[in-house]
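Before any comments, here is the structure.
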Amino acid sequence: MKNQQTSDTPDIEKHKWEERYQEETAPPWDTKLPAPELEQYFAALDKKPGNVLEVGCGTGTNAIWLAKQGCKVTATEIAPTALDKAKASVGGEKIDFHLLDICQSSPVSDSSQDFVFDRGVYHVIPKGERGLFIERIASALKPGGLWLSLVGSKDENRENPENGPPQLSAADLINLIEPFFEIIELNRSHFILPDGAKHLAWKALYRKRS
Ligand SMILES: C[S@@+](CC[C@H](N)C(=O)[O-])C[C@H]1O[C@@H](n2cnc3c(N)ncnc32)[C@H](O)[C@@H]1O
């Protein structure tokens, strides 16, 4: 029985995202502000990336911000309500939205993207599917393309691990990712949530191996 439950877990996990976005109050991660790490990263660039994929875009704040920077944005979500909210928030920007499970399919052709962004998505992917997630991102990127990923950090001591974003160690990231990507940066950052909570995070920048 235990095995059966384990194989069912991903679907149960995936269903919960839709429920979270259907609740009256916005989910705690939905800051409605572009991620400061993304803004800082772009501020330091000489040339902005052309084709950008955002995975797990939630209600679209970062995808819209990226489109405003002049990027050609493709954004994916697994939760229909989140995607509807994202589409409703778009002004004049052109964003190619896709409702899909990134572990199962890709919205872009292989080697077409300059940059991939995920805020709080890699860390919610069930352990058994992280390899698929990484392979999708690697396939989407051009050789040398970059992936900026914001992930909850295990170095934050919490009484209740459920109280905040999932927590991964540096080894959790590197072991699976390094075969496909060079680790360009692995720094400390924070998720600062609208309720004032501050959670330790990894700000990771990876470059697809050529
Ligand atoms: C913690 S939320 C972060 C949302 C958004 N990036 C943000 O910063 O507001 C994780 C998001 O990943 C989405 N997600 C989870 N698993 C996914 C998958 N397999 N494919 C695509 N999106 C997924 C969820 O629906 C949810 O919107």
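Just so you know, all these numbers are worked out from the coordinates, no wet-lab data involved. Bear in mind that the values here come from a model prediction, so they are computed numbers and not experimental data. Ideal geometry is used to build each Cβ from the backbone, glycine not excepted, and the neighbour counts take in all protein chains shown.
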Seminar exercise, completed: Of the convex hull enclosing the alpha-carbon atoms of the chain, the direction-averaged projected area in nm² is 12.0 nm²
Seminar exercise, completed: A correct fewest-to-most ranking of I177, I184 by other Cβ atoms within 10 Å would be I184, I177
Exercise. Remind me, relative contact order of the chain in percent, using alpha carbon pairs under 8 angstrom and six or more residues apart?
Worked result: 17 percent
Exercise. Which ordering of E77, E162 is given by a fewest-first count of other beta-carbon atoms within 10 Å?
Worked result: E162, E77
For this session: Determine the calculated [θ] at 222 nm for the chain from helices alone, applying -39500 (n - 2.57) to every DSSP H run no shorter than 4 residues and normalising by the residue count; nearest 500 deg cm²/dmol.
Result: -9500 deg cm²/dmol
For this session: When a/c is below 1.5 the answer is rounded, else prolate if a/b is larger than b/c, else oblate, so apply that to the stretch 80-187 with a ≥ b ≥ c taken from the square roots of the Cα gyration tensor eigenvalues.
Result: oblate
Exercise. Ordered by packing density, taken as the mean number of other Cβ atoms within 10 Å over each peptide's residues, highest first, how do 146-155, 40-49 rank?
Worked result: 146-155, 40-49
For this session: Within 10 Å of each residue's Cβ, count the other Cβ atoms and sort V73, V90 from fewest upward.
Result: V90, V73
Exercise. For the stretch 52-125, rounded, prolate or oblate, judged on the Cα gyration tensor with a ≥ b ≥ c (square roots of eigenvalues), a/c < 1.5 rounded, else prolate if a/b > b/c?
Worked result: oblate
Exercise. Karplus couplings for the stretch 31-44 from phi (6.51 cos²θ - 1.76 cosθ + 1.60, θ = phi - 60°), rounded to Hz, Gly and Pro as x?
Worked result: 6, 6, 10, x, 5, x, 5, 6, 4, 5, 4, 5, 4, 8
